[in-house]
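The values are calculated or read from the model by the stated rules, or taken from the named source; none is laboratory data. Everything quoted here is computed from the prediction, not taken from an experiment. Glycine gets a Cβ as well: all are built from the backbone with ideal geometry, and neighbour counts include every protein chain shown. When the accessible area is computed, the model is the full protein with side chains, heavy atoms only, and any ligands, DNA or RNA have been set aside. Shrake-Rupley method; radii C 1.70, N 1.55, O 1.52, S 1.80 Å.
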Amino acid sequence: MAPLGSGGLRRRCQTVIYWIPVLFISIIVGWSYYAYVLQLCVVSSCVFCLTVVYLLAYHFFFFMFVWAYWQTVFTKPMSPLKEFHLSHADRETLEREDRVESQQEILRRIAKDLPVYTRTMSGAVRYCDRCHLVKPDRCHHCSVCDMCILKMDHHCPWVNNCVGFSNYKFFMLFLAYSLLYCLFVAATDVQYFIKFWTSGLPDTQAKFHIMFLFFAASMFSVSLSSLFGYHCWLVCKNRSTLEAFRAPSFRHGADKNGFSLGFSKNFRQVFGDEKKYWPLPVFSSLGDGCSFPTCLVNQDPEQPHTPSGHTLVTEGVGEGPQFPAKPLRESQSRLLTSGHSWTESVGANDKDTSGTSNPAMTTENET
């Protein structure tokens, strides 16, 4: 009983530690509200009409920022659908096999009807031995959450949550509104900050709050602008942070642009088709997080080209297991109604080449 008790105590301590960054952000935001509304607008401001305008604009940015942050923190990450999990019989069969070739054969059989196009770096089926499932495209296992996260971007300690398919839009809006919030506070506080140095303000408690509020808003603006700009670039390229550091691998090899469909469609994958929901922290992303349209462009000049200039991925490309073409889900197919979707295809008489060993089954446990 002692080991169990110590393990439970350790997990509770870790839970408390993980919430410290969120508590820190909450304290900073709460103090900024007090400093701006009470100390700056009520105590130090002398122009009534200007103060009203400041307060109205401030509360708009404050409300949207808190709403987006709340959604990012408390939206539960989505795990793969039940169809990607191995059945009890398949799991037992897989565990009984000692040869990696046989294990890969079992995984290929399970994955053949799933909308899975990505592989491991060695070309094997992406399988998680902790969650016992075939990983959907762009899905990774988070060691902090101890679960597979759909379209995982990263685990963010500042929200104590995994940023993935279910809350990536909320995370983007959180960055956007927090940046606007800090810029607005810094821009409207700068005149009072100057008065502080020129002794234009009365010697009250508000002087400290005004000075520190300007410094805090300015520093957060610099860090948030770089982070927000980086994630805007990722959205435009339809990549996650993990995919930016390591390009996803397809049958024809690693392709950093494998999921890119162009700026407009990449943006709509995250923010949806309804423009009225774009600025709101409500879920409107397209798809189910398990399947994504791809534009697989092979740079091999020997591969046949389509009339439109794209290169089709053919069955002879690359090494490793071959998968039949799998239809996109309806919600994802809408993205390609005005364009082309290039999917993998194999011939009717596709067979394993005798004498060629299959790549070993590997697992990925990203943090």
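Results, tabulated for the structure shown:
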read-out: Ser178 modelled with pLDDT of 90 or more, open to solvent by 20 Å² or more (accessible area, probe 1.4 Å) and closer than 27 Å to Thr72 by Cα; value: no
read-out: Any hit, segment 120-140, residues being farther than 23 Å from Ser284 by Cβ, out of contact with any Lys or Arg (no Cβ under 7 Å at 6 or more places or on another chain) and among the aromatic types (Phe, Trp, Tyr); value: no
read-out: Residue in segment 232-239 that is loosely packed, with under 12 Cβ neighbours inside 10 Å and modelled with pLDDT of 95 or more present; value: yes
read-out: Qualifying positions in segment 142-190 - in contact with a Leu (Cβ under 7 Å, 6 or more places away or on another chain) and part of a helix (DSSP H, G or I); value: Leu175, Ser178, Leu179, Cys182, Val185, Asp189
read-out: Residues satisfying the stated conditions in segment 20-31, i.e. loosely packed, with under 14 Cβ neighbours inside 10 Å and either touching a residue at least 24 places away in the same chain (Cβ under 8 Å) or more than 23 Å from the chain's Cα centre (by Cα) (or both); value: Ile27, Ile28, Gly30
read-out: Residues satisfying the stated conditions in segment 265-295, i.e. polar (S, T, N, Q) and either open to solvent by 60 Å² or more (accessible area, probe 1.4 Å) or without any contact (Cβ under 8 Å) to a residue 60 or more places away in the chain (or both); value: Asn266
